[in-house]
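The values are calculated or read from the model by the stated rules, or taken from the named source; none is laboratory data. Quantities reported herein were computed from a predicted structural model and do not represent experimental measurements. Here the Cβ is made from the backbone with ideal geometry for all residues, glycine too, and neighbour counts use every protein chain on show. Just the protein is used for accessible areas: all its heavy atoms, side chains included, with ligands, DNA and RNA removed. Shrake-Rupley method; radii C 1.70, N 1.55, O 1.52, S 1.80 Å.
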Amino acid sequence: INAGKIEGNGLISVNGGTGGSDGGGGGAGRIAIYYGENNFTGIISAYGGTVGQTRGGAGTIFLKGSGQTYGDLKVDNYNYDGMVTPIIDGSHNFDKIEVIRKGKLEISAGDTLAISNLYVKENAVMISAGNVNVSQEFSVENNGEVYLNSGSVAAGNLTVGNLGKFYLNIKLVLANLKIL
């Protein structure tokens, strides 16, 4: 969606399909909304299919206002356990990434992310083998989990709070660390 102004209170969704008893739920799709003014108060969802032996993974929701440099990415599986959501291979810049409500973001080896703010919370998981540079705030809390298996991570401020889990198997470069 590319609009000068977006408003209303309806539903924008690309949720995964329902699986059968022998199959799995489908993975969700992608939503990208570019806007000049956002007054939308409805629901934007991209969660994986919820029936079957294996539930589908969350899709991605990308929002970029005309005043933003790069835009925001959200991985939200609406509290359904599901498969991982891989980031598209390559180098990407974001103003903010939120991985929430059992979303599972995977960053593969060779991928590079430059992010102003990164939040992993509400039973969400981030697994990284790539290179991640968070210039401002990196926060893991409310049962969020981060697994840094390889690659590199640098952050301005890292906060691990309120039942956050941070598993580290690489060198971590930080300006400030706060463990609550």
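Got a sec? Which of Leu158, Leu118 is buried (at least 17 other Cβ atoms within 10 Å of the Cβ) and either polar (S, T, N, Q) or in contact with a Leu (Cβ under 7 Å, 6 or more places away or on another chain) (or both)?
When all the criteria are applied, what remains is Leu158.
Can you run down the residue pairs with Cβ atoms below 7 Å, 6 or more apart or on separate chains, where the first is in segment 1-28 and closer than 19 Å to Lys104 by Cβ and the partner is of a type in the set (A, V, I, L, M, F, W, C) and open to solvent by 30 Å² or more (accessible area, probe 1.4 Å)?
What qualifies is Gly19/Val51; Gly25/Val51; Gly27/Met83; Ala28/Val14.
Select, from Val84, Val75, Val140, the only residue that is among the hydrophobic types (A, V, I, L, M, F, W, C), surrounded by 23 or more Cβ atoms within 10 Å (Cβ to Cβ) and within 19 Å of Ala46 (Cα to Cα). Quick ask: steps written out before the conclusion?
Numbers: Val84 fails: surrounded by 23 or more Cβ atoms within 10 Å (Cβ to Cβ); Val140 fails: within 19 Å of Ala46 (Cα to Cα).
Testing whether each residue is among the hydrophobic types (A, V, I, L, M, F, W, C), surrounded by 23 or more Cβ atoms within 10 Å (Cβ to Cβ) and within 19 Å of Ala46 (Cα to Cα) leaves just Val75.
Considering only segment 85-146, give the strands (runs of 3 or more DSSP E) lying wholly within it that have at least 1 residues that are touching an Asp or Glu at 6+ places or on another chain (Cβ under 6 Å).
On the way: elements: 91-100, 104-107, 112-121, 125-128, 131-141.
Passing ranges, in order: 91-100, 112-121, 125-128.
Every residue, every condition in (1) touching a strand residue (DSSP E or B) at 6+ places or on another chain (Cβ under 8 Å); (2) over 12 Å from Ile1 (Cα atoms); (3) not hydroxyl-bearing (Ser, Thr, Tyr), yes or no:
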{"position": "Gly26", "(1), (2), (3)": "no, yes, yes"}
{"position": "Gly29", "(1), (2), (3)": "no, yes, yes"}
{"position": "Tyr35", "(1), (2), (3)": "yes, no, no"}
{"position": "Phe40", "(1), (2), (3)": "yes, yes, yes"}
{"position": "Ile43", "(1), (2), (3)": "yes, yes, yes"}
{"position": "Val51", "(1), (2), (3)": "no, yes, yes"}
{"position": "Gly56", "(1), (2), (3)": "yes, yes, yes"}
{"position": "Gly59", "(1), (2), (3)": "yes, yes, yes"}
{"position": "Leu63", "(1), (2), (3)": "yes, no, yes"}
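Does Gly164 fit the bill of being over 22 Å from Ile88 (Cβ atoms), surrounded by 19 or more Cβ atoms within 10 Å (Cβ to Cβ) and modelled with pLDDT of 95 or more? Walk me through how you get there before you give the answer.
Numbers: over 22 Å from Ile88 (Cβ atoms): yes; surrounded by 19 or more Cβ atoms within 10 Å (Cβ to Cβ): yes; modelled with pLDDT of 95 or more: yes.
Yes.
Give me the strands (runs of 3 or more DSSP E) completely within segment 2-68, filtered to those with at least 3 residues that are open to solvent by less than 60 Å² (accessible area, probe 1.4 Å) and within 25 Å of Ile88 (Cβ to Cβ), ordered by residue number.
Numbers: elements: 2-8, 11-13, 30-40, 43-45, 60-65.
Here the list reads 30-40, 60-65.
Name every residue in segment 36-53 that is closer than 15 Å to Glu98 by Cβ and modelled with pLDDT under 95, in order of residue number.
Hits for segment 36-53: nothing passes.
Results for (1) in contact (Cβ under 8 Å) with a residue 40 or more places away in the chain; (2) out of contact with any Ser or Thr (no Cβ under 6 Å at 6 or more places or on another chain), shown as yes or no for each residue.
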{"residue": "Val75", "(1), (2)": "yes, no"}
{"residue": "Asn79", "(1), (2)": "yes, yes"}
{"residue": "Asn123", "(1), (2)": "yes, yes"}
{"residue": "Val134", "(1), (2)": "no, yes"}
{"residue": "Ser150", "(1), (2)": "yes, yes"}
{"residue": "Leu172", "(1), (2)": "no, yes"}
